[in-house]
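Asker: Please see the structure below; I have some questions.
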Amino acid sequence: MKVVSVVGARPQFVKLAPVHAELSKVADHLIIHTGQHYDRLMSDSFFADLGIPSPTTNLEVGSATHAAQTGRIMETIEPELSRMKPDWVLVYGDTNSTIAAALTAVKLNLRVAHLEAGLRSFNRMMPEEHNRVLTDHASDLCLAPTATAVKNLEREGLGHRTHLVGDVMVDVLHQTMSKLEIRVKRSDRTISPSYLATIHRQENTDSSERLGQILEALNSLSRRVTLLTHPRLSAKMESFSLVQSNYGQIDFIDPLPYLELVTALASAPGLVTDSGGLQKEAFLLHVPTVTLRTETEWVETIELGWNALAEAHAAKIEDFLHLAADNAVEGFPYGHGDSASRVTQVLFEQANR
Ligand code: UD1
């Protein structure tokens, strides 16, 4: 069996690592990097740290508007996929790289499997929501991480193409925790003085008012905040003349490579974020989290009490981070770390159908 994984943005490299480790044992696994993310800290460091081989091909599309980026990926990936002729094109998550690859593949009559299928925010203002819905409907196989995702797919008439496989991010996080000897129980870990924060989503960074409110809220928390600055955040702060030195309680640092990120998160007293992946990683590490959004696709983190949606308001953020540390309960909605082998099994079973 030949599988081509298409990745392009940071969270996809994390998901690719356990999938490559399993798939390459039994199948011919090729990797296409679209080049959507290209900075070393957003891309190469993940391949090196997570033991992923260099991509077979890098399309080097770079940054552009949504339509231009998606279009460039489609145009450049078409000849590659035609040449490779895989049994499966495997796409990940909800980025422009995901939808571009899925759409190109189905038009070439290649079979598409979507990993992390069925997530919904029901917020049509998010570019990722369109990418997810359209990719699921184009795909031959929807690989769902949670029971909630399965229900969403069934409601949209896609139940017959759906398989529950768990979340591959659990696989990679468990492997990393054991490699770095990070204690599973939070009470056995040394907790650092500063909260950890990340902000990168379009809806939080594209207006100077919204971004200013978020920075003010972070700057007014009771502890210092280490803010990992995604390139979009730095670019937007500069364009809105929001100057780092005006936020004396915030330490602005570069995005972290994966192993350092896991280390920092494991020791954080709390996380404030708008990232999807980090909400889950914090949940798995039992780190209380406030998500600066109006909804989340990872509803289980909220149901179990580890995560809350909040306005950019310091007192509300702080209240929840304290509350969660006392009241949250344990649960395993994302599986137990064997998701990549289940993905491999389903791809084999379905390849000849
Ligand atoms: C993309 C995904 C988002 C995911 C995120 C993870 C889409 C629609 N969004 O958002 O779902 O959560 O990746 O990070 O696909 N830039 C650089 N260097 C890089 C990459 C980006 O400087 O290596 C800058 C560019 O100015 C670019 C901006 O960041 O315009 C945004 O990058 P882009 O890939 O378009 O979207 P993300 O915000 O990263």
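Asker: Whole number please: convex hull volume per residue of the Cα set in the chain, in Å³? Can you show the working numbers first?
Answerer: Numbers: hull volume 42.6 nm³, N = 353.
So the per-residue hull volume is 121 Å³.
Asker: Another question about this same structure. Per-residue ellipticity at 222 nm for the chain, helices alone: DSSP H runs ≥ 4 residues times -39500 (n - 2.57), over residue total, nearest 500 deg cm²/dmol?
Answerer: Values: 15 runs with 162 residues, N = 353.
Taken over the chain, the calculation gives -14000 deg cm²/dmol.
Asker: Another question, if that's okay. Convex hull over the Cα atoms of region 188-279, averaged projected area in nm²? Don't jump to the answer; show the numbers that get you there.
Answerer: Working: hull surface 23.5 nm².
About 5.9 nm², averaged over all directions.
Asker: Please express the shape of region 300-343 as an equivalent ellipsoid: the semi-axes are the square roots of 5 times the eigenvalues of the C-alpha gyration tensor, given largest first in whole angstrom.
Answerer: 29, 12, 7
Here, each number is a calculation from the coordinates, and none is a lab measurement. This one's a predicted model, so the numbers in the text were calculated from it and none came from an experiment.
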